[in-house]
Ligand code: TYM
């Protein structure tokens with residue numbers, strides 16, 4: 001693979017793009033790994049574009065009415081987490097056709113060998129690889145299109161999406177190389193903070209996920225205070241107290257996870273959390289964590305409830321965001337088609 005010139009991104013305006021699938025309840029993992037950081041990027045004054053990726057969601061079956069509700073609920077979660085639709089572009093993917101069109105073009109750039117290395121496809125398809133949709137397999141090329149149709153240079157994501165952003169860089173580099181252009185940037189995955197991989201509350205070796213069959217494994221952004229407290233109280237841990245020094249978390253994934261969650265919610269480093277709670281038992285730490293989580297999440301779920309009471313207003317916000325997104329994406333799609341030799345005469 002030919003690498004891009006080291007300074008390729010200097011040619012482009014700094015721009016953030018990221019997306020979340022509206023495929024179910026958003027979790028504390030989505031909040032700490034993505035939403036909270038999306039709002040921080042917006043507040044740093046960078047141009048930010050955030051997308052509810054409904055075209056990605058339908059790579060597995062979605063009941064149509066449920067998809068609509070989940071898309072609105074995810075939009076409400078963005079706004080309740082601090083995304084301001086006047087300062088960030090917030091929209092759902094299917095309202096901007098450049099995503100699907102560039103997705104096709106990039107399917108023709110990506111190599112089957114690259115797709116075969118995608119660990120998320122292997123995890124999701126499991127033993128059922130013959131029966132999953134073709135879309136699930138092609139999904140990472142659509143994700144590359146999401147990012148590249150805005151010439152985005154930065155992509156804040158959780159750890160699990162790193163490989164897909166790296167694939168996006170490979171696709172951009174191959175396109176630029178094959179057509180002899182410096183047209184696409186080399187977007188950087190931004191994986192920052194204490195909670196880049198929030199783990200299941202039932203199994204410290206598994207990611208917290210909206211698709212886990214066990215509801216006790218995750219905190220949903222819509223959970224009420226009692227449910228949040230109960231889930232943390234029942235979180236699986238080893239019996240030892242918290243260590244006196246951060247190195248003592250080595251080989252204790254469940255303890256590390258709860259410390260990381262506390263740190264990310266409190267805006268502290270894990271080191272500082274150990275400084276405060278080192279030597280304490282779970283009987284002290286779990287209630288403190290539950291109180292902190294409720295204090296941070298309750299305003300979000302209350303605001304989500306308020307926004308969900310007016311779905312027409314959410315749809316209006318998404319429509320307005322889509323028009324702004326389209327104004328950036330469509331010219332980049334047109335230029336891509338031109339570079340590839342498609343006649344543009346309409
Ligand atoms: P999705 O919908 O699975 O997750 C959305 C975001 O939340 C992060 N995340 C987590 N972070 C920390 N701990 C966890 N347990 C956890 N679970 C989820 C994810 O890393 C992600 O940042 N393919 C993407 C959506 C997408 C996208 C894009 C992202 C489509 N196009 C373009 C960036 C740019 C996905 O399925 O994310």
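The values are calculated or read from the model by the stated rules, or taken from the named source; none is laboratory data. Quick caveat, the model's predicted, so the values are computed rather than measured. No Cβ is skipped: glycine too gets one built from the backbone with ideal geometry, and neighbour counts run over all protein chains shown.
Of note:
- Qualifying helices (runs of 4 or more DSSP H) (wholly inside region 223-310; at least 3 residues being under 17 Å from residue 198 (Cβ atoms)): 225-233, 253-266, 282-308
- For region 165-191, a residue qualifies if it is more than 18 Å from the chain's Cα centre (by Cα) and in a helix (DSSP H, G or I), and the qualifying residues are 170, 171, 172, 173, 174, 175, 176, 177, 178, 179.
- Qualifying residue in region 198-212 (condition: more than 12 Å from the ligand (Cβ to nearest atom) and within 18 Å of residue 118 (Cα to Cα)): no
- A Cβ distance below 7 Å, combined with a sequence gap of six or more or placement on separate chains, defines the contacts here; from region 94-105, residues that are assigned by TED's automatic domain parsing to the domain that holds residue 134 reach residues that are outside any helix (DSSP H, G or I) in the pairs 98/149; 99/149; 102/149.
- One residue from 5, 14, 22 being more than 9 Å from the ligand (Cβ to nearest atom) and at pLDDT 95 or above: 14
- Among residues of region 153-167, those that are near the ligand (Cβ under 8 Å from one of its atoms) and under 23 Å from residue 324 (Cα atoms), counted: 3
- Check on residue 60, assigned by TED's automatic domain parsing to the domain that holds residue 124 and assigned to a loop (DSSP other than H, G, I, E, B): yes
- Among the residues of region 181-197, the one identified as near the ligand (Cβ under 9 Å from one of its atoms) and surrounded by fewer than 17 Cβ atoms within 10 Å (Cβ to Cβ) is 197.
- Qualifying residues in region 117-138 (those that are away from the ligand (no atom under 13 Å from the Cβ) and within 19 Å of residue 53 (Cβ to Cβ)) - the one modelled with the lowest pLDDT: 125
- Consider region 324-335 and keep the residues that are out of contact with any helix residue (DSSP H, G or I) (no Cβ under 6 Å at 6 or more places or on another chain) and in contact (Cβ under 8 Å) with a residue 24 or more places away in the chain. The one that is surrounded by the most Cβ atoms within 10 Å (Cβ to Cβ) is 325.
- Residue within region 310-317 that is surrounded by 13 or more Cβ atoms within 10 Å (Cβ to Cβ) and touching a strand residue (DSSP E or B) at 6+ places or on another chain (Cβ under 9 Å) present: yes
- Residue list for region 1-50, filter: in a strand (DSSP E or B) and closer than 30 Å to residue 201 by Cα: 17, 18, 19, 20, 27, 50
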